[in-house]
Amino acid sequence: MKIHIKTPQEIEKMRVAGRLASEVLDYITPFVKPGVTTEELDQLCHDYMVNEQNTIPAPLNYAPKGHKPYPKSICTSVNKQVCHGIPGKKRLKDGDIVNIDVTVISNGYHGDTSRMFFAGKPSIQAKRLCELTFEAMWRGIDEIKPGGYLGDIGHTIQKLAENAGFSIVREFCGHGIGVQFHEDPQVLHYGKRGTGVKLEPGMIFTVEPMINAGKAAIRHLPDGWTVTTKDNSLSAQWEHTILVTEHGHEVLTLSAGAPAKPVYRF
Ligand code: MF3
Ligand code: CO
Ligand code: CO
């Protein structure tokens, strides 16, 4: 474990990167509706990042060990897709739920955030899953403070999801982030309170639970990236990038259009 504690200068760059990533999601929001292809959403985000923000889309050609280079600039995960969905020619239809995951590189530093969107009118179950996952992410974020543990985050998220009859995907987790897209530590979305890494000011990591309406098991598609639920149930995910501060935490991936922390109801 080599968790990099960010300096004040690095934290300032991470604030900028985080805001810019969130602003890409603000920008794309009005385009997410029935009839649009996920490839069109990718092109719009790509051009916004490169031409308007002067940021680099971190996913494009990203090739961690064991993977071929990712071919697009954002991830779009629709319905039963859990994460890393590759934008393509399929059109969104009324009732689809889609996660859009944006990671920008700004001045050498990464900002990583994702939101769920509805194309048209979602089913009652789909809406419930997306809202519960949003609350689960925020309840996890609420646990973040110096002297707390990564296990506190996972425990809180897992409890909320499983009490509702949903399940937590185990194979993917949140991650440290900075100069590298994926740094230590791994931030599990399940676990036990008081276990794992102890939190210190200057740590920066993501919280990004993937919650399935059915069972937790996943399947990998032959495209080498897309992950779906094994039982074809719906899956939802939200993601923020968080700084541990002296007295608590600061959410770095906020912007004018970011949905506010909810009133808890689950
Ligand atoms: N943004 C994703 C995350 O939250 C990672 C996407 S990797 C990619 O960690 F190559 F698929 F883009
Ligand atoms: Co991430
Ligand atoms: Co992400």
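Just so you know, all these numbers are worked out from the coordinates, no wet-lab data involved. From a predicted model like this one, the values you see are computed outputs, not experimental measurements. All Cβ positions, even for glycine, are placed from backbone atoms using ideal geometry, and neighbour counts span all protein chains on display.
Quick check on my filter: what residues within the stretch 219-257 are within 16 Å of ligand 1 (Cβ to nearest atom), within 17 Å of the chain's Cα centre (by Cα) and hydrophobic (A, V, I, L, M, F, W, C)?
TRP225, VAL227, ALA236, TRP238, ILE242, VAL251, LEU252
Inside the stretch 150-169, can you point out the residues that are farther than 15 Å from PHE266 by Cβ and within 16 Å of ligand 2 (Cβ to nearest atom)?
Residues satisfying the conditions are LEU150, ILE153, GLY154, VAL169.
Tally time: how many residues in the stretch 185-209 are under 16 Å from ILE141 (Cβ atoms) and not in a loop (DSSP other than H, G, I, E, B)?
Total satisfying the criteria: 6.
Here is a list of conditions, (1) closer than 25 Å to SER255 by Cα; (2) touching a helix residue (DSSP H, G or I) at 6+ places or on another chain (Cβ under 8 Å); (3) within 15 Å of ligand 1 (Cβ to nearest atom), and GLY88 meets all of them except one; can you say which number that is?
(1)
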